[in-house]
Structures are given as structure tokens and as C-alpha cells.
């Protein structure tokens, strides 16, 4: 069959001068171009797949040496795109890269569009949907932990977890279907009442779902919102954590009216800090607007950092903020600023509004206690935890699919527990499988029948 | 002198279960039809077991019947043992199975095809197809006589290069004692069809008078069976029981000690057998830990001593077959009337067919039944009627008759065949039907009779009857929804007697009928309840109310399928023009040429990405065509 698939080529390393540069070529022309443009330094170049050869790139005229390079041919289907792929590592001068690219283009390649290599990989089944998503996210991951998580997903950690769950469900389904389709061959005694696989799979789905919050924190970072009444030192604290002067600091209460944000990295996790206007009865419209923004921010925070002034007695404004924070379903850090000054209150006294609360004392002005705060933030974010081994879910799409699967699994358990005919539980299990397949883009097809035939003695 | 014009609209080669339905449908739709069989006495022979129906197969029988086919009707006329399988399970997986008097079945079908207007019957072996410009033009029989045909339907079952094995003996036969069809098989291969080889088998037939039934467990027919066909008003009254026996360790020892004599294990048989239908050798060798396998003895008819010994199928030499049979309790004196045997035969990989069952290679040529790699009378019949209808529709260029997977089991089967192909004999299972909760044997007429009527295969009167029943079902449901009972000691006592919890507030009869433990007639005496004398109507009311939630969800799930089936892939679509698609996928898609995006997605090994890419190309193409406007 004549193929019209185009061979694509691109410079894979970023533009600018660098030590090395990489050109990647994918498509049916790759092996032929390797032979044509590359002159091996040693005679033993057999273009064995996935072997790296040393030599020169020669221009189309057959004479001019363009660069001394390493060339690797990865033959289909064991390549990133599933096609024949040629990679040329050359010196990282943009002119060299451009020269080599031009040879490939002159010999029938077309410049690749952004993301086209990944697109081909997905198209040809080299990656499942969860891997393609992970690859896209990995390239723009902003913290070490996020990178690690996406990389593990790219390597198939989520896909593998899903496959294990699928396998359990297919076993469970095979048990149910055997009793339906082979009622004459398979006695009910051979079939467990509630296949243990359903319970096990439900537990597995729950486990995956439980990783969502942390994975989300890892990939998206943590939103820490600093709230407090005016002049408690919120902006000073932000500047201190950020290690630079981001917010204007004055002694005038109500200086900060807009939201000031800054992202820092703690133990490999992005922390998005937001400094807010001090909360008090507003003096003008701008302040009113600023304070209403604070309330919105409080709604979206992963961690609320409540800041009190330790050098002044607490006021009604402090108490109000304290009450508001209790209504929020997020983690709370209570921080007392200005410990460089004489303390005006002591929460160890019984009846104190902050009695029994763990307080972090610090001085935003001089930096004392700030390291403790960073550690507390990092602990709350789970920064020291390694990502769960069985894969984590960080995308809402995955979470919704898993929730749907879990609901179906529970329904299936219920069907069986209440003695309903097994085709209904089987229906729920197929629906659960469909939901799981939404994550990776796979299909059930013949799997169930194969399991039945391998496990039961069936036939006339 | 009158010149004999042997020229037909439709020629059907092979008068088995597929061929008879194909020929009848074609003739009834008005096409001048010719049906060939090598031997007219073996038209509609039940080559293996004496039963029609069974799990997932009964749905096929009912669907064939709803389209005006004959299998259900003739089964009803000739059945002598009735079972409702999975009776304790829900309606979607219940299946009727009927054992027939084999000879009566054959003769009744023979009379039906003989008496059908437009249908001609001929005893002859077709030697070859006559093909002109990639189009079928007729056939030649073994004597060299030419028959003109506009469409040809090949329904040759196991006859193509059939080879019967008993021990080391090999005989070219289409069925034990009958000629194999060699010329046609070889011609199909030389025309370029991708052919494969399969294996099936049949157990021994024993002489009833030599079986000690007194030591075997007897199974009687169900007392009050329902017929297959909506046209059947009464069933035969004669009944024949079945008996359960079992193999023992002695049986297994004989097999293990002599396994080298089985052509299955000696390497003589190359064809692929079905995993769901292993011979006794396979069961013993593969499930070594089992000390016993079930055997069921079924009478083959009212006027014969022959008894079908289900479970004893093997291909060992006759003397060993004797030892095996006689090792079974109750069979120690049994006489074998027909030995068990294995048979290998050629099939055509069905991915070479369009969804109408017409071959892609030769226009006007249709294949149905075992030649497509299926097994089973019911699977054959369903393909037969499907091919017959489509061949006739194609005569006038009318749109084809195609159902989707949410409409019928026959559509599930045919889609599986043409999309996935087969690597073992294909049998229908309920688990193959992803929408099985709405594809029940009880609602086959509701699903399909309208289509049968449109095609002219179903009597209008019957269809009107069905419309009336439909109306009564709807009214019945409405009535139950609008009638409610208030809690009272009387009512709750009644519920208690049905082992149902009491009610605490006004409750509709509809909600009560949703309860697992309550049947329609249990509500007798509740205010607003009305008797239903029509068994069908009553059952539909019960099912639609009890399983309303599941039925609704299943219909919901069909929406995605319907959307994908709506998007047609143009016949001339060039898969090599899809950027980035690997050569392997391009080749596979070009070969199978799926008709819709839905079908494409079901091809094994297809990726979601590839489906999206093709979808985008089709949309683009539509846009450019629209932009250009009509030529």
C-alpha cells in the first residue's frame, strides 16, 4: 500500500546557543534519511534500532560536513510516536541546527507543528489518554513535586492502576456472566455470591480518589491566604516569605487594598501566597471592594493564615475574623506577629479566645520564627510525603470518572447483597468499566468472555 | 418447444438453517428465488443437537420470527420438550429452549419452502460461481448447467472442503455421510477470499432401548411453555423427557490413556475449535482436576430410538467411543447408532463482508451462516434472513436493512463478525450484547415487527394485533400509576402474606409492582387493579415497571452509540490521507472499511486518537463539499 504519511522534523531543543542541540525526525522517510545524511565514523554502523552511532552529517551535495553528531534510529513500533524515529544530537549552535534541519526539509520532511510528535504517539496507541495529558502537563510543570507526579503518570502509573482495577472488574464480571451465559455448564456453587473483586476494586477506586486533594496541591500549588485586621503585618509577612519587597509596607492601617500575590516553592511544592486588605468596617468604597475580595479569597484558600498582632490587645475585629475562619472548610494556621515587641496577651490563660490553639510566634520585621512558619506550611501541604505509589489523580476529569465508577460499584454490591438477578450487577460493573475506560480510552470488548473460558469448564 | 430459462433474481446455495430463511425472505419479498441443496432430503437438517433456542439464541429465534422468518414457527410445531433457562433470573437473560423432533422439523421446513410462491428448489451441487466484472452473474452446477442470478447467497455451512475425523480415519464429507463441496471452496479461495479453517464436532447418538434410564435423573419438560412465534396459538401435546448422566474417573482414564489416538491431539486437526464447545478430550485434558463432567441425554424424536448424548462429543476411534460411552452409569449396555465425529471445514473471514453480508470483493455475492465462521442453527438463521432481505433490497437499489447493536442480537452478531472477525466458531452470548437489558426475548416483536411489516414479511393483521397489545400495555401502566391504596390493616396483612413490607402512606399500585416480591396478579383485590388475560401484555407491564430504572439507563447509554452510528464514513474514504496514522492502522482500516465512526471504534486495536482524527477529516471534507456547493 502506498502511504501518504508525511515525515516530520523539528529542532527539539529550545532556541538559542547551547552545548548540544537535538533534531527529531518521525515518519516513513526516517531510516532512508539516516542513511543518506549520516556518514558513520566507524564501519560497524548497521542502524540497529535504539543504538547510538557516531559520525558526521553531510549536506545533500554529499561533500560538505555540517557537524559531528550522534545519531539514533528507533524503529517502529517501539518508538515514541510508533513510527520510525531518527534523532540527531549535534552541537547546539542555532546555525548548525538550522543547516541540518534544512537538509531534512529539502529531502521531503515537513516541519512538525507544536505537539505533533505527541499527537502521533497518541494516535498510534503509544500513549493512552492519561499519559498524553500527563505529558502535556509535565512539560509545563512548575515544581519538582508536580514534575515527579506527571512523570510517574506519563510512565503509566495511573494507567497501570486503572488497568489493575479493570482486571479485577473483568474477573468479577466473568464470574457473573458465567452464571448467566453458561447456566447449564457452571453451577452456582462455582460462583462467589459477591465477587471479592468488586469489593477490592471499590477499595482501589476509593484509594485513587483519596489522592486527588494532594495531587491537586502538588500540581496546582497551594493557595495560602493571609488574613487579619489592618496593620497586623500581613504585607510584611508576605515580603518576608517571598524574600523580596512585593507589597508596600507602612504604619498606616489599610495600606493594602488590592490583593497581592506571590508564589514561592517550599520542599518542591508551589505555594501561592495572597496578601489581603485588613478586615475592618470599610472607610471608603475602595476599601469596601478590597475587603469583599478578601472574603472571596477566603472561600478559595487551601490554607488560611490568620495573623494577629501580639503587641496589641485583641479587638472585636480579630474576634470576627476568627469566627469567619471557623466557617471555612480548610486548614488554618494561626500566627502571632510582632514578637519583637512586648506581648500584650497570653492565650494560655483560661477563657482567652485563642485558648488551646497552637500559635506560631514570629517577627515579620526581623524574620524570627519565619522558618518555623515555612515548615508548618510545608507540613500542612504534605510536602515531605512522597507521591503515592499506585498513581495519583490530579485532574477533575479523572476524579469525576472515578466517582462515577465508585457509584456503580456500590450499586453492584447492593444488587448482589439484596439478591437481585446477576445481570443487573453485571450492568453496573460494565458501567463502572466504561467510566474507568474514560480515563485511559480503552474498551472492554472480548475480555470478559476470555476470562470465562479460561476459568470454567464449558461446553456440550 | 419452450426454452427453459434458468434465470433468477436470487440464488441461494445450501438449504440449511441460513439458506432456508434467506430463500424464504427473498421469495416472500417478491424475488424469483432458487434454493439449491446437495440432497433435498437433508434440507433444514439439525446436524447436531435436536434443540432450537437456548441462552442468547432464543433472542435470535424471536428476532427472526419478528421479521417474519420461519425458524420459530417450525420449532413451535415440532417441539417435544420445553425449558425456560435462567427462569430464576431477570427477563433479559431468560431464554426459551425447545427440543424438536428432528425429522419432523426437517420435513416441516421442507414443506414450507416447497410450498412458498416464487421459490424454486433444486437438488444439485453448485460447483462454481460465475463472476463478470467483479459482479456475480450466476452459478454452474456439477453437471455444468448454468443458472443466471442477479444475487447469490452462499450458505454452505460446514460443507466447504469438509473433512470428517473419527480416530485416524478422514473422510471428505460436508456432514457424516454427505458429499463435501470442494470446487466451490477452491474457487472462493482463488477469487481472493481470505479463508480459514475451523473445527466442530458432534457427540454420538445412542439407541434408547439400550439405555438404562431408571438409574438416571430425569428432567421433564416445563409444564406451561410459551411458544417462540407470535403467530403460534398452540403447541404439540406430546412430550419427551431428558436425562442427566455423568462421566466418571474411568471415562477420563480411557481418554487420557488413548489421547494420542485423538486427531485433536495427534495434530491431524488443524482447524480451530470453539472454547465454549470443547470435546470431551479437551475437557478431560484441560480440567484435569475434575472427576466428572455432565452428560445430558436428549431424545431426537418421537419415532426414533436415537438419543443425542450431549457431553460425550469426541473424535476417537469407534472402539474407544464404545468404551467411553459404556463407562458412564446407565450407558453400560448402550449401543452407538451414530459415532461421534469431528469435522473441519473452510470459512471466509467475515471482515471481508459489508454489514449487509455482501462481500466487498464481489458485488452481489452474500455469505450467511457457518461459512462466516459462526456456529449454531439460530446464528445461521438470523444471518440468512438478514442476507436474504438485503439481497432483495439491493435488486432495486433500495436502502439496506441494517440494525444497530442497541436494536437486536442479530445486529450485535453481524457487527461483531464484520468488524472484529472471528478466530474461533462464533456463538451468540448475552454478554456480547452490551444493551442486553433492552434486547430481551420477550420484547423482540416490539423491537422488530414494525420493520418486518415494512419489508412485507409480516402480515399486517399480526402487526395490528401487536399495536393493540402495545396500547393495552401503556393503558395498563397508566392505570397502575393512577391507582393508589392507603395503608390499612387489610392491605398490610395482604402485603405481609406476600412477604412484602407494610405501607405507611398512600402508595400507587405502580410502586407496589416495582417490589421484587410482587407480581401483577398478586395485586388482585387492590382497588384499581384490573385482570389482564393477555399473557404478553401482562408480562410487558410487569417488566416495564419493575425494571424501569435499568431500562431507562440502558436507553440512555444507547444515545452515544446512535450518535456515532449516524456518522457515516464515505466508502471512498482514503485512510492514507489521515496525517500521522501508522501504516498498520491504515492497512487495517482500508481492509475493514468501516461504514460508520461507531463501527470504526469497535475494530480491535483501534485507538481513540485515530477515531478522532478520522472524524475530523470527515467533518473537514463535509465542510469543503458544502463550501463548493452542489455540482
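Read-outs throughout are calculated quantities, based only on the coordinates presented, and are distinct from any laboratory measurement. All values derive from a computational prediction rather than experimental measurement. Please note: Cβ atoms are built from the backbone with ideal geometry, for glycine as well, and neighbour counts cover all protein chains shown.
Shape call for chain A from the C-alpha gyration tensor, a ≥ b ≥ c root eigenvalues: rounded (a/c under 1.5), prolate (a/b greater than b/c) or oblate? Oblate.
Going by C-beta contacts inside 10 Å, put A:130, B:363 in order with the fewest on the left.
Values: A:130 25, B:363 14.
By the 10 Å Cβ count, ascending, the order reads B:363, A:130.
Each label point was placed 7 Å from the Cα along the Cα-to-Cβ direction; for residue B:470 and residue A:54 their separation is 8.1 nm.
So how do A:61, B:65, B:459, B:257 line up by other beta-carbon neighbours within 10 Å, fewest first?
Working: A:61 7, B:65 30, B:459 14, B:257 11.
With the fewest neighbours first, A:61, B:65, B:459, B:257 line up as A:61, B:257, B:459, B:65.
With a Förster radius of 60 Å applied to the beta-carbon distance between residue A:348 and residue B:544, the computed FRET efficiency rounds to 0.30.
What does the helix-only formula give at 222 nm for chain B: each DSSP H stretch with n ≥ 4 adding -39500 (n - 2.57), the total divided by the residues, and the result rounded to the nearest 500 deg cm²/dmol? Spell out each step's value before the answer.
Working: 20 runs with 228 residues, N = 631.
Only helices count here, giving -11000 deg cm²/dmol.
When only alpha carbons of region B:363-519 are considered, Rg and Dmax amount to 22.4, 73 Å. Subtracting the Cα-Cα distance of residue B:291 and residue B:454 from their residue separation scaled by 0.36 nm leaves 53.2 nm.
Over all directions, the projected convex hull of the C-alpha atoms in region B:470-553 averages 5.4 nm² in area.
Stretching the chain fully between residue A:359 and residue A:327 yields a gain of 9.6 nm (0.36 nm per residue, less the alpha carbon separation).
Direction-averaged shadow area of the convex hull around the Cα atoms of region A:222-380, nm²? The directionally averaged projection comes out at 8.7 nm². For helix A:285-300, report the angle its Cα long axis makes with the longest principal axis of the Cα atoms of chain A; keep it between 0 and 90° and round to the nearest 10°. Roughly 50 degrees between the two axes. Remark: A:330, B:20 ranked as A:330, B:20, counting other beta-carbon atoms within 10 Å and listing the fewest first.
For chain B, pairs of C-alpha atoms spaced more than 41 angstrom apart make up 33 percent of the total. Calculated on the alpha-carbon coordinates, the convex hull of the protein assembly as shown measures out at 279 cubic angstrom per residue. Efficiency by 1/(1 + (r/R0)^6): what FRET value for residue A:296 and residue B:87, r their Cβ-Cβ distance, R0 = 45 Å, to the nearest 0.05? Here the calculated transfer efficiency is 0.15. Could you tell me the distance between the Cα centroids of region B:515-548 and region B:403-466, to the nearest Å? Centre-to-centre distance over Cα atoms comes out at 26 Å. Note on residue A:414 and residue A:213: with the Förster distance fixed at 30 Å, the Cβ-Cβ geometry gives a FRET efficiency of about 0.65.
The three principal axes of the C-alpha atoms in region A:36-185 carry coordinate ranges of 77, 41, 26 Å, sorted with the longest axis first. Helix A:422-440 and the longest principal axis of the C-alpha atoms of chain A enclose an angle of approximately 90°.
Sorted into 10 angstrom bins from 0, the C-alpha pair distances of region A:8-123 split as 15, 50, 32, 3 percent. Put a dot 7 Å past the Cα of residue B:117, heading toward its Cβ, do the same for residue B:524, and the two dots end up 4.6 nm apart. Working from Cα pairs under 8 Å separated by at least six residues, relative contact order for chain B is 16 percent. The angle between the Cα long axis of helix A:316-327 and the longest principal axis of the Cα atoms of chain A comes to about 30 degrees, rounded to the nearest 10. So what's the gap between the Cα centers of region A:56-127 and region B:255-307, to the nearest angstrom? The distance from the Cα centre of region A:56-127 to that of region B:255-307 comes to 59 Å.
So what's the back-of-envelope 222 nm ellipticity for chain A, counting only DSSP H runs of four-plus at -39500 (n - 2.57) apiece and dividing by all residues, rounded to 500? List each step's numbers first, then the result.
Details: 15 runs with 198 residues, N = 460.
That calculation yields -13500 deg cm²/dmol at 222 nm.
Values of log10 I(q)/I(0) for region A:141-242 across q = 0.15, 0.18, 0.20 Å⁻¹ run -0.79, -0.93, -1.01, by the Debye formula with one identical scatterer at each alpha carbon and no solvent.
Looking at region B:567-628, what % of the alpha carbon pairs are farther apart than 14 Å?
Values: 989 of 1891 pairs.
Across region B:567-628, Cα pairs with separations above 14 Å total 52 percent.
When only Cα pairs below 8 angstrom with a gap of at least 6 residues are kept, region A:173-263 shows a relative contact order of 15 percent. Once Rg and the Kirkwood radius are both taken over the C-alpha atoms of region B:205-343, their ratio Rg/Rh works out to 1.03.
In percent, what relative contact order does region B:470-553 have, based on Cα pairs under 8 Å that are 6 or more apart in sequence? Write out the running numbers ahead of the final one.
Details: 94 pairs, mean separation 27.7, N = 84.
Computed value for region B:470-553: 33 percent relative contact order.
Our estimate of slack between residue A:250 and residue A:91, defined as 0.36 nm per intervening residue step minus the Cα-Cα distance, is 51.9 nm. Over what distance in Å are the Cα centres of region A:304-324 and region B:18-32 separated? What the calculation gives is 89 Å, centre to centre.
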